[in-house]
Amino acid sequence: MKKKFCLLLAAVLTAVAVLAGCGDRGGDTVTVRLNEVTHSVFYAPQYVAIEQGFFAEEGLSIELTNGGGADKVMTAVVSGQSDIGLAGGESCIYVYNQGKADYPRIFAQLTKRDGSFLVGRTDDAFSWDALRGTTVIGGRLGGMPEMTLEYVLRKNGLEPNVDVTVDTSIQFNMMAGAFTGGNGDYVALFEPSATQVVLEGQGYILCSLGAESGDVPYTTYFATQSYLSDHADVVQKFTNAIARAQKWVASHSDQEVAEAIAPQFPDTDTKVVAEVVGRLRSIDAWNATPVMESSAWERLETIMTGAGQLQESERVPFEVLVDNSFAQKVK
């Protein structure tokens, strides 16, 4: 009996070992736990990679969750609850400066500028000076949306919280509801939330904050150093799929992109999604490839220092937190 038990135990342990190694062998599907900062048409190439089967063709199954903020995405990644995070690169800088040993590194860039739009309550001819003495709902303090908003305000001669109040008390995914509920005079919203507010007759899109801010590594993919090292093959396949999707979006019409990602936005009319895709395309929102440029990284840190969230002495060199090796080897 004891001998039979030992043989059975050995068989079970062998089976477990085989299953544990499945992720390292070609031809097997590997699940990647991807945590995104919010669910937005702004990330269209990612959804194209999912819906067009680009991830699947690389042998990957994407388990997608919505973090509801870059801080929450980062927490999920560093705690091991998620494998890869999609959020602003500023979160990697914050963690690095906290002295964490296994700090996350960025391996691919998805978007190249702010994807939010300034929404107001009237459709009067827009001027930045009209914001003087008003309140703008801007998002979490220290997050990319809020810091980019401050950067754009200063660029247009308005000092945040002196000439215009920036409300940072409202959670990112609650900003549209707060605005339609009567809070603030303006709000910075991602799509499709901005368009939905317009369709509900609750506001008007006035300008693109991304067009005002210029190129910046606004949304990036990152993972801990240990994950990048232990799962390099998976990260390469993931990056291959994203690169392919970026090319697909660039070569297809707004309507074709909208139809491709429609399953990701079941509550939004495809015509509306196509309109949003066109608006994002018009501001050159998406990176052409997953490769990040050092000049964009420098602008990111300039935006952070201007917002008072990063001291000059805390700036992190590009090569410390950005690993372009995967993006440069895409098929």
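The values are calculated or read from the model by the stated rules, or taken from the named source; none is laboratory data. Bear in mind that the values here come from a model prediction, so they are computed numbers and not experimental data. Every residue, glycine among them, receives a Cβ derived from its backbone with ideal geometry; neighbour counts consider all protein chains shown.
Look at (1) surrounded by 24 or more Cβ atoms within 10 Å (Cβ to Cβ); (2) touching a residue at least 40 places away in the same chain (Cβ under 8 Å); (3) not charged (D, E, K, R) and you find that Met175 fails only one, number (2). Residues that are without any contact (Cβ under 8 Å) to a residue 24 or more places away in the chain, of a type in the set (D, E, K, R) and part of a loop (DSSP other than H, G, I, E, B) within the stretch 262-292 comprise Asp267, Asp269, listed in sequence order.
For the stretch 155-172, a residue qualifies if it is out of contact with any Leu (no Cβ under 9 Å at 6 or more places or on another chain) and buried (at least 16 other Cβ atoms within 10 Å of the Cβ), and the qualifying residues are Thr165, Asp167, Ile170, Phe172. The residues of the stretch 213-232 that are surrounded by 15 or more Cβ atoms within 10 Å (Cβ to Cβ), at pLDDT 90 or above and assigned to a helix (DSSP H, G or I), listed by number, are Tyr227, Leu228. The set of residues in the stretch 189-205 that are outside any helix (DSSP H, G or I) and surrounded by fewer than 21 Cβ atoms within 10 Å (Cβ to Cβ) comprises Glu200, Gly201, Gln202, Tyr204, Ile205. So, in the stretch 97-150, of the ones that are among the small types (Gly, Ala, Ser), in contact with a Phe, Trp or Tyr (Cβ under 8 Å, 6 or more places away or on another chain) and farther than 19 Å from Gln311 by Cα, which residue ends up surrounded by the most Cβ atoms within 10 Å (Cβ to Cβ)? Checking each candidate, the answer is Gly115.
Filtered by the rule that a residue be β-branched (Val, Ile, Thr) and out of contact with any strand residue (DSSP E or B) (no Cβ under 6 Å at 6 or more places or on another chain), the stretch 135-163 gives Thr148, Val152, Val162.
Per the listing Val162, Val166, the residue uniquely in a strand (DSSP E or B) and free of Cβ contacts under 8 Å to residues at least 60 places away in the same chain is Val166.
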